[in-house]
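Have a look at the structure below, then the notes.
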Amino acid sequence: MYRIPLPFDIGESVYFTALVNPKNTTYKNVIWSVDNTTVGIINATTGKFTANVTGSTNVIAASITHPNKTNNVAIVVRPIPKHINISVQNKTTHVFDIQTLNATVHPENANQSVVWGVDNETIGTINATTGEFTARSVGIVNITARSAALNQEHILANVTIEVIYALPTGITISPPVISPQHNININKTQQFSATVLPDGGANQSVVWSVDNETVGTINETGYFTAHSLGMVHINATSKIDPNITRTAIVHVIPTLEEALDAINLTWTTDGHHNYRWHWQEEISYYGESAAKSEFHTVHHRRAWIDTTIEGPGMFSFYLKFDDKDRGGLRSMFRFFINDTEKYRIVESTDTDWMHLNFMIRPGNNSLRLDHFANRHCGLALYLDKVEFIPGNIFIRQHEPRITVDKEIPFYAKVPLFDDGN
């Protein structure tokens, strides 16, 4: 039998069982009784005990064949709960904060167990047994502690908690840096977005600003407009805590038309995995800049630039491969007129600038200059001084019109020259 008093609520019932020793005895039957039938009663045969009123009693089991062999357990019947008090550490808390609520049932010797609940689990959740509350989103939530005593669910208490935004801990900006393949041209725009941390818990309101409005400006939604060449820092600052800020860097660069020295033509660039041709000024044949295509990851990368030309005329450009210490990895350049390949060259080492010329037939012609690497990163490719001279041009021999500034060997060159016929 139990050596500590067993607690019961008024009206609660339970079946008792008795183990008679030794285990191999044939006299296992007992008779049940209580010493205070006001507090509770028990069925003498089945051992079913029912608590009636507040108080104490002993449940007694006696051997039928040996009445002097008995054992007992003390019973305490608790009073009916009258009311509940809830204690809460913070009635205003931040998103993602956790705190444990406590409930005290009166009178103090009543059943102290309660069942916790909330009226809006979107704002917060609570462990029904332990009272651990977790704030989930901004809003007001009502928390209830309900008596777990038998048939006393109507005895309850409520407390209201307001959940506010978490204190900002940091900011991320997307995109964080406009990379060389994604520099912004003059008069172009870029939408920036900011996430205030902790994500989903902090107030997401930020103030956008730039450190140089001559280069570019940004509006209250993070929409940036480039105005002139240069570098500008874009700042996103928390409205809740001005000390929480993040900066992105933007380079405003010339257009592809300027890089190619072909401002009379309109160019577009695209490619696989966001690779593009872009303006740069580290290497050039003519002027201070040229267009560049370069891959930084492996396997099957392409980038191309397109334009349209009204023929007839002569189209020419300067082309250069650059190994950039990549150990002889290959790259391919191809030139297309109206989706038909007219020229290709494969290189695995540095070259000097090559001058290529192509006749363009009368009518509207779409041109594509394509950079391709099928293994590893390949070589970087530079393109400069693109020209189109309109008019009828006659060439007698079917040979590629290629000139090279220096006498260096070329390998794997397979020109396909369009003579206009």
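No value in this document is a laboratory result; all are computed from the given coordinates. Values in this document were obtained by computation on a predicted structure and should not be read as measured data. Note that each Cβ is placed from the backbone with ideal geometry, even for glycine, and that neighbours are counted across all protein chains shown.
Which pairs, out of LYS188/LYS320; LYS320/LYS385; LYS292/LYS385; LYS292/LYS320, put more than 18 Å between their alpha-carbon atoms?
LYS188/LYS320
Within 10 Å of each candidate Cβ there may be at most 11 other Cβ atoms; applying that plus a DSSP loop requirement, which GluC sites (Glu not before Pro) in the stretch 129-173 survive?
GLU153
Over the alpha carbons of the chain, what is the largest minus smallest coordinate on each principal axis, giving the biggest first in Å?
Projected onto its principal axes, the Cα set of the chain covers 131, 57, 39 Å.
Among the trypsin sites (Lys or Arg not before Pro) in the stretch 1-48, which ones are in a DSSP loop with at most 10 other Cβ atoms within 10 Å of the Cβ? Mind listing them?
Answer in residue order: ARG3, LYS23.
Can you tell me which of ALA194, ALA262, ALA202 moves the most in a GNM of the chain? Springs connect C-alpha atoms under 10 Å apart.
Evaluated over the chain, the most mobile residue of the options is ALA262.
Please list, ordered by chain and number, the residues whose modelled amide H lies under 5 Å from the amide H of HIS83; skip anything fewer than 5 residues away on the same chain.
HIS106
P(r) for the stretch 136-216, please, calculated from all Cα pair distances in 10 Å bins and given in %.
14, 26, 20, 15, 11, 8, 6, 1
Considering every Cα-Cα pair within the stretch 246-287, what fraction, in whole percent, is farther apart than 14 Å?
59 percent
Pairs of alpha-carbon atoms within less than 8 angstrom and 6+ residues apart define the contacts here; what relative contact order does the chain have, in percent?
After rounding, I find 9 percent.
So, in nm, how far is label ASN58 from label ASN109 when the simple model puts each one 7 Å beyond its Cα toward the Cβ?
1.9 nm
Just the Kirkwood number for the stretch 59-181, please: inverse of mean 1/r across all distinct Cα pairs, in Å, one decimal.
That comes to 18.0 Å for the stretch 59-181.
Within the set of other residues whose C-beta is less than 13 Å from the C-beta of SER137, count the net charge using Lys and Arg as +1 and Asp and Glu as -1.
My count for the surroundings of SER137 gives -3.
Would you list SER87, SER331 from fewest to most Cβ contacts within 10 Å?
By the 10 Å Cβ count, ascending, the order reads SER87, SER331.
Just how far, in whole angstrom, is the stretch 127-151 from the stretch 215-271 if you go by their alpha carbon centroids?
50 Å
Cβ under 13 Å from ALA148's Cβ, ALA148 left aside: what net charge do those residues give with Lys, Arg +1 and Asp, Glu -1?
-1
Where does the stretch 194-238 land on Rg/Rh, using Cα atoms and the Kirkwood Rh?
Rg/Rh: 1.07.
Between TYR15 and GLU282, with labels modelled 7 Å along Cα→Cβ, what's the label distance in nm to one decimal, could you check?
My value for the distance between the label points is 8.5 nm.
Net charge near TRP279: determine it from the other residues with C-beta under 15 Å of the C-beta of TRP279, scoring Lys and Arg +1 and Asp and Glu -1.
Neighbour charge sum, excluding TRP279 itself: -4.
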